[in-house]
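Please treat every number below as a calculation from the coordinates, not as lab data. Given the structure is predicted, the values throughout are model-derived calculations rather than measurements. Neighbour counts are summed over all protein chains in view; Cβ atoms, including those assigned to glycine, are modelled from backbone coordinates with ideal geometry.
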Amino acid sequence: MDVKPGHCWRCEKLLPEHAVRCDRCPKAMYCSDPCKKRDRVRHGAVECQVFGPQSCSHCEKTGDLKQCSACNNAWYCDAKCQRKNWAAHKSDCKSIQEFIEDLSHELTKQYTELVKHDVTHTRERVLDPPYYFGSTMAYDFLQLEQNEWADGINEEETARDFNILSAGCGDLRNTVLTAASLPAKYRGKLSIVLNDLDPYVMARNVLFLYMMIRHSDSAGIATSLATIWYSLHISKTDYNLIKANLEKLIQADAKSLQEVTRGSVVISNKDLAELRKVWHGWNSLQCERIKSSSINLNKQRQAVLEEIPFFGHELQLCYERLTPKEADDLKKWFQHGLFLPDNSLGRLPFNNPTLTGRKQQIIGAGTMVTEDFVYCIHRNLTPFTAWDCLQVRQSTEGTTFSTTAMYHNYVVQQLQKTIILFAQGRLHIHILVSSFLDVPHHHQALQMAKFDRIFTSNLADYVGFRKLLKVLGSLVNPNNKNARLVTETMNWISLHVPEPNIWGSFSDIDIHELTKETMQLCKDDTGKELSSPLAISHQLEYFNNTHWFLAYLRANMMAGSLHIPELDHTPSLKEAMKCEGLQMHDFREEINRLVPFQFRVNARSLTSPTGAQRAVEWFIPSDHRA
């Protein structure tokens with residue numbers, strides 16, 4: 001579901017003139033019969049079942065069938081077949097309906113409580129560490145060839161400007177990849193609103209943007225920025241670069257910052273005051289490693305890596321899925337945490353202050369104490385999880401880089417293209433340090449344009465789809481038929497829907513038959529038998545839980561939130577796919593255009609996305625557009 005049009009569904013190479021089609025479904029295309037054969041297990045496990053013809057749950061015929069609207073997990077030729085099968089189907093159908101109602105009640109309580117305190121303020125209550133490294137792969141916000149340019153382009157289209165909102169934005173990876181992925185023919189401008197409540201994350205973002213623009217003419221600035229983004233220790237030159245720019249930013253007000261960045265970065269004085277506290281903290285840290293008074297990032301990092309007993313199993317699984325060379329490279333990275341352009345570690349006398357921030361601690365019965373400006377990167381977040389390893393490998397094909405150097409080189413390439421766009425005056429960033437709930441107010445007060453893309457991270461996990469669409473849905477550009485609002489969920493299985501999780505049936509004593517089958521499919525597809533007890537998490541992509549996601553979607557759309565009452569009925573899937581004047585793109589009929597509904601997991605052994613991540617796209621239907 002995540003291969004671009006015109007590319008092979010196995011190897012991702014461009015399709016030849018006479019491509020090979022899947023025998024069963026109309027979507028999958030291959031460059032050759034061998035690729036089709038190699039992909040039979042993976043594609044057949046889920047995708048082909050979703051896109052291919054369904055069979056009647058009673059007579060098993062295929063054709064123009066109707067889905068059971070109550071559970072979305074049975075198909076029938078007609079009402080006659082449905083009636084004849086009711087005795088066999090009744091129990092499963094009613095259990096799914098009951099599940100939807102029960103989950104709706106549970107979600108209503110959760111969302112109402114969270115939004116009452118303002119979802120993003122829950123970060124202040126819970127005080128999670130800031131997300132300096134992306135928890136999901138970087139996305140290109142625009143992907144013009146699959147959207148606005150899909151039906152051909154003219155001179156006017158190549159000069160068209162686009163407006164993007166990234167709510168709960170996290171770090172800059174999506175912004176950088178979007179800028180770097182623009183087609184060479186494109187001559188327009190991008191305006192991106194970055195919105196996140198976390199002042200640590202936004203302070204780091206503004207620091208990086210400031211350095212990109214202010215030092216755009218400096219040789220090696222992209223290399224320095226890539227190193228500073230991810231490396232535990234840095235050179236004196238890179239440390240001095242950070243210090244000099246921190247001191248400038250601490251002294252800046254909104255007007256002077258806008259002037260220095262030639263209008264490319266806009267932020268209010270109120271928001272700037274919040275970020276200034278973080279910059280002061282970084283600037284005051286003693287970072288020279290030789291000094292006893294220096295912060296010891298290496299020691300703090302090791303403590304983070306060792307605080308969870310099963311992390312060793314996670315690493316074991318990670319290494320088993322890689323080639324021997326990649327596994328060796330990754331072991332070295334976990335040992336030293338360095339992100340450099342080559343294998344020469346050189347002299348790195350300084351700790352990286354921008355990898356410090358808030359660290360959560362819980363003492364006693366719910367009492368929370370935090371340490372500020374300590375190493376705060378989550379153990380599972382790495383440079384390799386933040387960028388799609390398939391794209392990284394493609395960009396460095398034919399080189400002999402180590403894995404770390406390969407990634408460093410790729411990030412440098414993306415930064416260089418972004419810096420050029422800034423230098424041309426074609427990329428403008430508006431910073432909003434606030435809850436996404438406040439975005440409509442800012443949008444109106446600042447007279448912003450409607451957005452051609454709205455990305456919402458996984459905010460839906462905390463407030464629900466209806467609240468998110470109610471707050472942001474009206475900001476979608478009605479004059480662009482390709483405008484999209486993207487919602488994502490990462491927690492739908494782990495927190496709410498255990499039934500579609502093959503994890504739930506796993507134990508050392510007894511492995512459910514379905515789990516055994518899924519494990520075998522994974523082995524048949526990858527050729528690897530994974531020994532880690534956590535290996536089951538990478539076998540989710542061979543388990544078709546689509547109907548459970550649809551049940552979750554219906555429960556979520558039934559649930560209430562703050563100032564949104566719970567529905568008094570269970571919505572049908574058709575009803576659940578419409579909200580606040582927006583229509584959900586049906587991923588079962590057509591592949592998503594911006595973010596895949598479901599990523600391939602084992603094809604990305606280095607990036608290792610979770611098998612539970614799902615994305616749905618919302619658009620303004622033609623009869624609602626201006």
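Key figures
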| read-out | value |
| --- | --- |
| Shape of region 1-130, Cα gyration tensor, a/c cut at 1.5 | oblate |
| Magnitude of the charge dipole, the chain, Cβ model with Lys/Arg +1 and Asp/Glu -1, debye to 20 | 860 |
| Qualifying chymotrypsin sites (Phe, Trp or Tyr not before Pro) for region 1-108 [loop in DSSP, other Cβ within 10 Å: at most 11] | none |
| Listed residue pairs exceeding 22 Å between alpha carbons, taken from K13/K36; K27/K66; K66/K470; K189/K277; K470/K574 | K66/K470; K189/K277 |
| Environment charge at L469 (Cβ cut-off 11 Å; Lys +1, Arg +1, Asp -1, Glu -1) | +3 |
| Long pairs among K450/K481; K255/K359; K37/K528; K248/K270, criterion Cα-Cα beyond 22 Å | K255/K359 |
| Coil-residue GluC sites (Glu not before Pro) of region 580-626, DSSP, other Cβ within 10 Å capped at 14 | E589, E590 |
| Packing rank of 61-68, 312-319, where each peptide gets the mean count of other beta carbons within 10 Å, highest leading | 312-319, 61-68 |
| Whichever aspartates and glutamates have a C-alpha closer than 14 Å to that of K90, once near sequence neighbours (fewer than 8 apart) are set aside | E98 |
| Estimated 222 nm signal from helices in the chain, with DSSP H stretches of n ≥ 4 weighted -39500 (n - 2.57), rounded to 500 | -12000 deg cm²/dmol |
| Answer label for semi-axes √(5λ) of the Cα gyration tensor in Å (calculated), chosen among (i) 41, 34, 22; (ii) 40, 29, 26; (iii) 72, 36, 30 | (ii) |
| Lysines whose Cα lies under 17 Å from that of K236, excluding same-chain neighbours fewer than 8 positions away | K291 |
